[in-house]
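The values are calculated or read from the model by the stated rules, or taken from the named source; none is laboratory data. The structure presented is a predicted model; accordingly, all values stated were derived computationally and were not measured. Here the Cβ is made from the backbone with ideal geometry for all residues, glycine too, and neighbour counts use every protein chain on show.
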Amino acid sequence: MKAFLSFVLLLALCTGCEEVIDLKLDSQEQQLVVDAALDWEKGKPGNEQKIRLSYTNDYYTNQPSETATGATVLVTASESETYTFVDQGNGDYVCRDFKPEPDKSYRLTIDYKGKRYTSEDRMREVPELTEGNITQRSDGGFSKDEIALRITFPTRSGSDSNFIIKVSYVKNDRVYSRLYAIDNRFYTDGKISRSFTGSNIGGEFLKGDKVEIKVYSVSNAYRQFIDLLTANSLDDAQRGRPMFTSPTRVYGNVVYEPDPKQNPFGAFRVAQYSTILYVVK
C-alpha cells in the first residue's frame, strides 16, 4: 500500500497535475490514556500530585489530544488512607494532601464511563545524589573528542528496584531531554553507572551548559514500559513524558480486569527521585 501511494504521488508530480488529491488515511479509534506518575523528590514533601486522563490522537494531526473529564480517581494506600484526585475540568486530576512513604504500596482506581481501571505500584527509595556522583571526560562520542558525563550511584544487588534516568538541558532556546531505562539485574557490583553525550540528546555538551539529571527508582514493569516506549517512539519519550501519538502504541500496567483487550494506554508509577544540576566544565 505504501509503495502504491508513493507511486501515485510521484506520478502526480511528474505530470504537473494541479488537481488536489484528498488522501483518506485510516484513523484509529480513540482510546483512553492514563498518565499517572506520582513522583516524590527526595527531601521534599511530595504532597501535590497530578494524574492526567486523555485520549489517543491521530498520528498526523496537529490538534491537542481530547481530554477525559468526569472520572472518579482514587489512590489508596490502606483501608484508612485514600487520596481523592479532584477533576480540574481539563483532563488533570489533582491531589494536594498526598503523603508518600518509602516501601509503601499504592493502588490506583479510575471509574470512568461505567468502567473501572486499576493498577498497583510500590514506592521505592532512591539514593541521595549530588554533583559528586557525576564525572566528566572529553573523549566521548564516536569521534572520541566529545564531552561525556557519567553518573554513578549505589544500588542493592538483587533488589527489585530499577531506574529511569532523565537527562535535560537547554540548547538554542530549546529544551532537550532523553530517558534511559536501567535494568538493575545487569549491575551486580552494588552500583549503577551510565554514560551519555549531548549528541545523543540534542547537541554536544559545551562548557557552561547546565544539565539536569533526574534518577527515578521504579518497578521492573515500569522500566520495561519505558523501554518499549522509547524503542517505538524516541522522539515522544524525549519530551520527558510519553505522549502516545506514535504509530506503535504501548500498553502499560493499568488494567480493565473484565476485558484486558480494553486496557488503556499509559501507566501508573509511584517513584521517589533525586535531582542533580551539573554545570559542564
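Numbers below:
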read-out: Selected residue (criterion: nearest to the chain's Cα centre (by Cα)) from residues of segment 48-89 that are under 20 Å from ARG124 (Cα atoms) and exposed (fewer than 13 other Cβ atoms within 10 Å of the Cβ); value: GLU48
read-out: Positions within segment 87-100 being acidic (Asp, Glu) and more than 23 Å from GLY252 (Cα to Cα), in sequence order; value: ASP97
read-out: Residue, farthest from the chain's Cα centre (by Cα), within segment 253-279, restricted to residues that are surrounded by fewer than 18 Cβ atoms within 10 Å (Cβ to Cβ) and part of a loop (DSSP other than H, G, I, E, B); value: PRO258
read-out: Among (1) among the basic types (Lys, Arg); (2) at pLDDT 90 or above; (3) more than 17 Å from ASN184 (Cα to Cα), the one test that ARG223 misses; value: (3)
read-out: Pick from segment 138-187, criterion in a strand (DSSP E or B), surrounded by fewer than 17 Cβ atoms within 10 Å (Cβ to Cβ) and among the basic types (Lys, Arg), ranking: modelled with the highest pLDDT; value: ARG150
